Amino acid sequence: METSGAAGTHPLERLHCPVIFLGPPGAGKGTQAKELARKYGVPHLSTGDMLREHVSKGTPLGREAEPVMKRGDLVPDSIILKMVAERIERPDCSHGFVFDGFPRTVAQAQYLGELLKQHGYKQPLVVHFVIEPGLLLRRITGRRMCKVGGEIYNIYERPTKVAGRCDNDGGELEQRPDDREEVVGPRLAAYEKQTAPLVAYYRRLGRLKEVDAAKGIDHVTAKVLEIVRAGKQ
Ligand code: AP5
């Protein structure tokens with residue numbers, strides 16, 4: 001394992017290639033992507049978070065994306081690809097990054113492959129979060145996010161110490177507009193139709209590893225780490 005950091009401090013492991021978390025809404029991609037990115041000191045690139053930031057700032061991109069997200073559909077590739085291309089050019093990506101929620105269509109995956117080549121990155125390792133759909137509704141409708149730092153909680157599975165307040169920074173928790181029960185069906189349908197084909201796509205490329213996402217958060221964290229470390233060999 002490559003390490004960095006001065007002697008006497010905890011060594012920081014280096015990511016050897018970009019990592020993609022692939023799986024249905026509520027599978028736990030964001031929870032695990034934050035954890036892995038923290039461990040490796042690299043950015044967590046969530047296209048969902050980027051879009052939500054545009055929406056909250058009321059940018060033209062945000063105004064275009066907001067109604068699409070509220071319906072549970074996918075935002076057009078043209079918007080997403082430009083946003084991602086700009087993001088990975090920033091200097092903080094030079095030691096790798098963790099993608100969560102991108103790519104989501106075969107066209108996005110093909111574009112990403114080219115983009116990574118152009119920038120001299122290795123091809124990505126894809127962690128597929130395998131979970132039966134029946135478990136997702138409770139996770140999605142129970143999710144609450146910190147308005148300040150974006151930390152992810154769950155009223156059933158991962159409650160905060162003080163109700164409605166983030167454990168890290170005391171920020172107020174909120175529910176995502178697309179986490180209402182009536183939007184969950186369309187989101188799962190969009191995943192099945194447009195994103196699930198990526199499992200076969202990355203399997204063919206020999207870049208896909210699976211994790212049992214029905215297990216508890218700590219168990220999944222340990223498995224993801226095992227996969228990322230083994231992927232170096
Ligand atoms: P996005 O924000 O990417 O949402 P998503 O893919 O639908 O995934 P979620 O954030 O719902 O789930 P997650 O897997 O991250 O689960 P989490 O860790 O939070 O996208 C939102 C929208 O933006 C899309 O619908 C689309 O419109 C648009 N968009 C985004 N990217 C796009 C793209 N590339 N192209 C086109 N459109 C795009 O966990 C869920 C809950 O479960 C939490 O409460 C958590 O605490 C809990 N939990 C997590 N792990 C566990 C566990 N192991 N056990 C028990 N509970 C757990």
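For Glu181 and Ile155, FRET efficiency with R0 = 25 Å and r from the beta-carbon atoms, rounded to 0.05?
Details: r = 14 Å, r/R0 = 0.56.
Once rounded, the FRET efficiency stands at 0.95.
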| task | Any chance you could run the full-extension gain for Ala189 through Asp92? It's 0.36 nm times the residue separation minus the Cα-Cα distance, nm to one decimal. | result | 31.5 nm
| remark: Pseudo-spin-label distance Ser78 to Lys39, built 7 Å along Cα→Cβ, given in nm, is 4.0 nm
| query | Toward the positive end of the charge dipole of region 78-233, about the Cα centre and with charges on Cβ (Lys, Arg +1; Asp, Glu -1), which of Val84, Tyr156, Gln110 goes farthest? | reply | Gln110
| said: Using Cα-Cα distances under 8 Å and only pairs 6 or more residues apart, what relative contact order does the chain have, in percent? | reply: 28 percent
| request: Leaving ligands, DNA and RNA out of it, rank Lys29, Lys223, Lys193 by accessible area with a 1.4 Å probe, largest first. | output: Lys193, Lys223, Lys29
| remark: Net charge near Val220 (other residues with Cβ under 14 Å of its Cβ; Lys, Arg +1; Asp, Glu -1) is +1
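Near Val42, within a Cβ-to-Cβ distance under 10 Å, what is the net charge of the other residues, with Lys and Arg +1 and Asp and Glu -1? Write out the running numbers ahead of the final one.
Details: positive: Arg14, Arg38, Lys39; negative: Asp92.
Cβ neighbours under 10 Å give a net charge of +2.
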| query | Size of the dipole of the chain about the Cα centre, Lys and Arg at +1 and Asp and Glu at -1 on the beta carbon, nothing else charged, in debye to 20? | reply | 300 debye
| message | Expected output is a single nm value to one decimal: the length gained when fully extending between Cys17 and Ala107, i.e. 0.36 nm times separation in residues minus the C-alpha distance. What is it? | response | 30.3 nm
| note | In whole percent, the fraction of accessible protein surface over the chain that belongs to carbon or sulfur atoms, probe radius 1.4 Å, stands at 52 percent
| query | From the Cα gyration tensor of the chain, with a ≥ b ≥ c the square roots of its eigenvalues, which class applies: rounded if a/c is under 1.5, or else prolate if a/b is larger than b/c, or else oblate? | reply | rounded
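Applying 1/(1 + (r/R0)^6) with R0 = 41 Å to the Cβ-Cβ distance of Ala85 and Arg229, what FRET efficiency is obtained, to the nearest 0.05? Could the numbers behind the result be given before it?
Details: r = 29 Å, r/R0 = 0.71.
It comes to 0.90.
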| request: List the relative contact order of region 55-155 as a percent without decimals, with contacts defined as Cα pairs under 8 Å and 6+ residues apart. | output: 11 percent
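Restricting the count to DSSP beta bridges whose residues both fall in region 1-125, what percent are antiparallel, rounded to a multiple of 5?
Numbers: 2 of 9 bridges.
Percentage antiparallel, nearest 5: 20.
Over the chain, give the accessible area per residue in Å² for a 1.4 Å probe, as an integer.
It amounts to 52 Å² per residue over the chain.
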| query | Residues in region 75-105 near a label at Gln123, defined as backbone nitrogen under 16 Å from the 7 Å Cα→Cβ point? | reply | 103
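The values are calculated or read from the model by the stated rules, or taken from the named source; none is laboratory data. Since this is a predicted model, take the numbers as computed values, not measurements. Ideal geometry is used to build each Cβ from the backbone, glycine not excepted, and the neighbour counts take in all protein chains shown. Just so you know, the surface numbers come from the protein's heavy atoms only, side chains and all, with ligands and any DNA or RNA stripped out. Shrake-Rupley method; radii C 1.70, N 1.55, O 1.52, S 1.80 Å.
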